Amino acid sequence: MPETTKQGTLFIVATPIGNLKDITQRAVEVLESVDWVAAEDTRHTKPLLQTLGINQTLISLHDHNEASRSVQLLARLQQGESGALVSDAGTPLINDPGYHLVKLLREHNINVVPIPGASAVITALCAAGLPTDRFSYEGFLPAKSGKRCLVLAGLKEDVRTLVFYESPHRVQATLIDLQQEFGGDRVMSVARELTKKFEQFVQGTIDEVIAYFEHNSDKVRGEFVLMVGGATEKEAVALSEWDSLIEVLLKQKLPVKQISEIVADYAGIKKKPIYNRVLALKD
């Protein structure tokens, strides 16, 4: 009988999010030893490997080719090759490509080994001064304000710390939407340029954070992590008290605006939070 080829291993390798000294010794050893490295952007990964003194075969794996590339890499791993998956920065699959590949490999019993390291979510949270016993990572919010507000409305009553990524050209608009949906008094922390020379944390209420960036427009640079304190249990319960009434009115197929007016008038509270609650329950 022919000899069975031993299957290879895919290593999920975290890379620095800014400071190159944050690369781990284990990550370096893996990147040196594998047969190839699948990278979100080979043009970004090549300089990193050169800095580390590693000459490696690079294969692109990004949002637009992940389906077909995953099948190709599966075949190579089944033949006994080993590879590494990296993103442009931080831990792969956390708002980066790789999910479809890892899912496919698990379905075919290919060994997948994580090599832990930097992650912007965890790096920001551990120094933010907000509760970390429970948190929800929400990634990037929708680009358009209307859709962004709908998402935020659904999160308003969440008691966990909420974590978002945001780009510099959209961060101020997102802060305004946070103010509108959560109220200006909700506490938050904004981290930018993590692990880099100009790393900064800005803490305060949403109102105070907006005011800071309005008066310091030169600081609206780099990648941002927005962390918002969760709703208090009292806030969450107070609004959900009207869910039964809202659901009855929804069954009557009344317009959202009319329902929010009826409930707000009956409860003696502002229409905006009720309006958002109706939208959340309607969906």
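The values are calculated or read from the model by the stated rules, or taken from the named source; none is laboratory data. It should be emphasised that the depicted structure is a prediction, and the values quoted were computed from it without experimental measurement. Cβ: placed from backbone, ideal geometry, glycine included. Neighbour counts: every protein chain shown.
Could you check, for region 107-120, whether at least one of its residues is surrounded by 14 or more Cβ atoms within 10 Å (Cβ to Cβ), hydrophobic (A, V, I, L, M, F, W, C), part of a loop (DSSP other than H, G, I, E, B) and more than 17 Å from the chain's Cα centre (by Cα)?
yes
Give, as residue ranges, the helices (runs of 4 or more DSSP H) completely inside region 165-278 that count at least 3 residues that are touching a residue at least 60 places away in the same chain (Cβ under 8 Å).
Numbers: elements: 171-182, 206-215, 233-240, 243-251, 256-267.
Those helices (runs of 4 or more DSSP H) span 233-240.
So Ala128 ticks every box in (1) over 20 Å from Val209 (Cβ atoms); (2) part of a loop (DSSP other than H, G, I, E, B) but one. Which box is left unticked?
(1)
For Phe140, only one of the following conditions fails: (1) in the same structural domain as Val13 (by TED's automatic domain parsing); (2) touching a residue at least 12 places away in the same chain (Cβ under 8 Å). What is its number?
If we test Phe140 against (1) in the same structural domain as Val13 (by TED's automatic domain parsing); (2) touching a residue at least 12 places away in the same chain (Cβ under 8 Å), just (1) comes out false.
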